[in-house]
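K.L.:
To start, I am sharing the structure in question, which I have written as structure tokens.
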Amino acid sequence: MNTAVTITAIIAAVVVINIITYAVRDTVMAKHKAKLYPRDDGDVTALGPEIFASKDGHTICWKGVNYERQPERP
């Protein structure tokens with residue numbers, strides 16, 4: 001009986017440690033990613049890992065496709 005209780009306690013401790021470890025890892029990764037963007041990179045501003053905007057604001061490049069600002073309608 002004592003062996004079963006000990007094994008259960010060990011398993012519970014391992015589960016709690018894993019939960020805490022993953023929570024801390026995810027928090028650190030989120031803070032690290034948050035500091036990467038936006039950033040100036042030459043004549044463009046990197047808004048994310050696959051999205052860039054021109055300094056004049058007329059062009060956005062997302063996943064390799066350029067999108068141009070449309071003229072305003074009267």
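K.L.:
With a cut-off of at most 16 other beta carbons within 10 Å, and DSSP calling the residue loop, which trypsin sites (Lys or Arg not before Pro) in the stretch 1-65 qualify? Please list them.
P.N.:
The qualifying sites are Lys55, Lys63.
K.L.:
Residues of the chain: accessible area per residue at 1.4 Å, in Å²?
P.N.:
89
K.L.:
Let me ask another. Quick one: length gained pulling Ile51 to Val5 fully straight, 0.36 nm per residue minus the C-alpha distance?
P.N.:
Result for the pair: 11.2 nm of gain on full extension.
K.L.:
Next question. So if we plug the beta-carbon distance of Thr59 and Val15 into 1/(1 + (r/R0)^6) with R0 = 35 Å, what FRET efficiency do we get, rounded to 0.05?
P.N.:
Using R0 = 35 Å, I get an efficiency of 0.10.
K.L.:
Can you tell me the 0 to 90 degree angle between the C-alpha axis of helix 2-36 and the longest principal axis of the chain, rounded to 10?
P.N.:
10
K.L.:
Among Ile11, Trp62, Pro38, whose Cα projects farthest towards the positive end of the dipole of the chain, with charges put on the beta-carbon of Lys, Arg (+1) and Asp, Glu (-1)?
P.N.:
Selected residue: Ile11.
K.L.:
Using a probe of 1.4 angstrom, how much of the accessible area of the stretch 1-65 is carbon and sulfur, in percent? Present the calculation step by step, with values, prior to reporting the outcome.
P.N.:
Values: 3630 of 5300 Å².
Its accessible area is 68 percent carbon and sulfur atoms.
The values are calculated or read from the model by the stated rules, or taken from the named source; none is laboratory data. Values in this document were obtained by computation on a predicted structure and should not be read as measured data. For neighbour counting, all protein chains shown are included, and Cβ atoms are generated from backbone atoms with ideal geometry for every residue, glycine included. Accessible surface areas use protein heavy atoms only, side chains included; no ligands, DNA or RNA. Shrake-Rupley method; radii C 1.70, N 1.55, O 1.52, S 1.80 Å.
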